[in-house]
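K.L.:
What follows is a structure written as structure tokens; I'll ask about it next.
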Amino acid sequence: PFSHTSRFHDDGFTSVQKFLKQGKQLHKTMTKMNSILQLVCLVTLISFCHSASLVRRSVDGSASTPCAVKKMRMKIYEPGCGVVTVITKGCHGYCTSSSMYTNDKDALAIDCKFCKPKKTIRKMTVMKCPMLSKKTKVIAYREAVSCQCDGCPS
């Protein structure tokens, strides 16, 4: 009976040691997971804040993006050739514009800005021209490389 009790205490002590070791491992794992979750939350927050700063909301709540280069479809018409659609890059997006009446002259003060190309490159496409003696024609067009907000023409 004594050896049985002694064996029971040894098994109990070993079980407690195993339990404590598992607890320490679990704590390390949970600490790592907590650090990873904090990092994921931080990255998500930064990403959200970055995208939130890029998207502006108009008074009616609709979203618009800032002035930037965007892929667009452009139709090019050439007499004797017809129409061809090219995928190109243009400028599209939000630029701050405003207007208000001035109290001294009761006139409209306008601050108008629009999204326009800052830098462009020359591109070319070949059109089929069944009505011309030369059956093809090279057509040049401009493509936006960068965009900016600029004052509206008067």
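The values are calculated or read from the model by the stated rules, or taken from the named source; none is laboratory data. None of these values were measured; they are calculated from a predicted model. Using ideal geometry, Cβ is built from the backbone for each residue, glycine included, and neighbour counts are taken over all protein chains shown.
K.L.:
For the range 125-154: of the residues being hydrophobic (A, V, I, L, M, F, W, C) and in a loop (DSSP other than H, G, I, E, B), which is nearest to VAL84 (Cα to Cα)?
P.N.:
Checked the range 125-154; the qualifying residue nearest to VAL84 (Cα to Cα) is CYS129.
K.L.:
THR85 - would you say it is in contact with a Lys or Arg (Cβ under 6 Å, 6 or more places away or on another chain) and at pLDDT 90 or above?
P.N.:
Criteria met by THR85.
K.L.:
For the range 128-147, give me each residue that is surrounded by 12 or more Cβ atoms within 10 Å (Cβ to Cβ) and of a type in the set (A, V, I, L, M, F, W, C).
P.N.:
Passing the criteria: CYS129, LEU132, ILE139, ALA144, VAL145, CYS147.
K.L.:
OK, next. Looking at the range 82-110, which of the residues that are in a loop (DSSP other than H, G, I, E, B) and among the hydrophobic types (A, V, I, L, M, F, W, C) is farthest from LYS123 (Cα to Cα)?
P.N.:
Top of the filtered list is ALA107.
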